[in-house]
1. So between S76 and D276, what do we pick up on full extension, going 0.36 nm a residue minus the alpha carbon distance?
2. So what are the ³J(HN,Hα) numbers for the stretch 283-293, from phi and the Karplus equation (6.51, -1.76, 1.60; θ = phi - 60°), rounded to whole Hz, Gly and Pro as x?
3. Restricting things to alpha carbons, find the Rg to Rh ratio for the stretch 157-315 using the Kirkwood radius for Rh.
4. Going by average Cβ density within 10 Å per residue, which order do the peptides 154-163, 234-243 take, highest to lowest?
5. Taking a threshold of 31 Å on the Cα-Cα distance, which of the pairs K201/K285; K178/K233; K126/K233; K201/K233 fall above it?
6. How much length would be gained if the chain were fully extended between E294 and C107, taking 0.36 nm per residue of separation minus their Cα-Cα distance, in nm to one decimal?
7. Can you give the Rg to Rh ratio for the stretch 262-303, taking only C-alpha atoms and Rh from Kirkwood?
8. Taking every alpha carbon pair in the stretch 230-290, what does the distance histogram look like in 10 angstrom bins from 0, in percent?
Amino acid sequence: MKKGRADNTLRLYDRWAAMLVAEYGFRRIGPEEFTTGTAEAFLEWVAANHGRGSMLNARSMLSGMFRFAVRRGPLSVNPVREAEIPENVQAKGRTGGAAYIEIEDLCFILASVYWSTVPCPRKLTKAEQKRGIRSYTPPTVAEYCDGADLADLIAIMGAVGQRPSQVLGFAWPFYDRKRRTIQTIGKVIRVPGKGLVRVVKDNDPKNPQGTIALPEFAVEILDRRWEQMQLRKRENPPPDDYDVDLIFPSFEWTLRDPVNVSHQWQRVREALGLPDDVSPYAFRKLVAVLLDDEGLSARVTADVLQHADPAMTQRKYMARGRVHHGAAAVIHNAVMSGLGHSDHDQDGEGPAPTFGRLSGEFPGLDTTTAPNRLR
């Protein structure tokens, strides 16, 4: 609490502590009753029942608890820190995080949420499935997105690469049309006992309150949306306690739940036949990949995505194993230059000579004996 941990983080501490008690019962915090072997056995149980991701999260949380115990005196060594992580853990559920998508995928999604005529049926409840619904005409994807106010939200998430909780916290006072920027002040989360809240917190790693530049198409969307919101306010005025002028409020002028938005996107994603891992976070990864492909530094990309550590941006958000034709061009140009030929040496019209078209007789180079460094 003293460090100002987020509510969700504190709930994770409670979750793993309760699970530890449920599995092993109450134990004294001491080397006699809680050893490194106990920690390893618990982590193996978590890995077997909940997967590797949960196991790593449990290890981090428990290590923090016992680090506190070391500072307070009951322990001299953190038993969780010394525990070995189980290997070859079988994954549970969907793994690998959000997909890496291409710009063509984003363009398809943006066109679909505004104009697609593909049917977008809802999932039937078990009672409806049992009863059987013979007559149901679902809306199109575009109709559903318009009715759920989802199209603009998806487009802005694709434009700025921010988390859904951040985008749902966007407010008009922090949008600067002239500078084409927006400040990420506030995020929307659900807190037990309080419901949905818009949190504004200094030094929040998930919402550092920075200013990000907007692509031109995002500015056009927001300008159009501003006009629509003014008309909506005249027809359906917000309540007197509407203290934050949200860009993406609910139809009742309240906060929108990021989880509900995720469920709405899931319905659209299934209608369009997209894979399960094309989540809103896939847009965030795409922004990182696009900036990396354009040669922008990891520091710039980290600033756009609002990561505190550029190394984490490189490690988690920049796709590996991509086909880089630009890199091939660099190698080609270097080889051709070393052979005494370059694309700029071609006389006349037509393509410059390639390596395959060279006769093998390289002027100025000895091709009969390998260089010393290759012997």
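1. Stretched fully, the S76-D276 segment lengthens by 67.4 nm.
2. Once θ is set to phi - 60°, the couplings for the stretch 283-293 become 5, 5, 5, 4, 4, 4, 5, 4, 5, 5, 5 Hz.
3. On the way: Rg = 16.4 Å, Rh = 16.9 Å.
Result for the stretch 157-315 is an Rg/Rh of 0.97.
4. Numbers: 154-163: 23.4, 234-243: 9.3.
Answer by packing, highest mean first, reads 154-163, 234-243.
5. Details: K201/K285 25 Å; K178/K233 24 Å; K126/K233 38 Å; K201/K233 29 Å.
In this structure, K126/K233 lie more than 31 Å apart at Cα.
6. Taking E294 through C107 to full extension adds about 65.5 nm, to one decimal.
7. With Rh from the inverse mean 1/r over Cα pairs, Rg/Rh is 1.15.
8. 18, 34, 28, 19, 1
None of the figures in this text is laboratory data; all of them are computed from the coordinates on show. Quick caveat, the model's predicted, so the values are computed rather than measured. Reconstructed Cβ throughout: ideal geometry from the backbone, glycine too, with neighbour counts over all protein chains shown.
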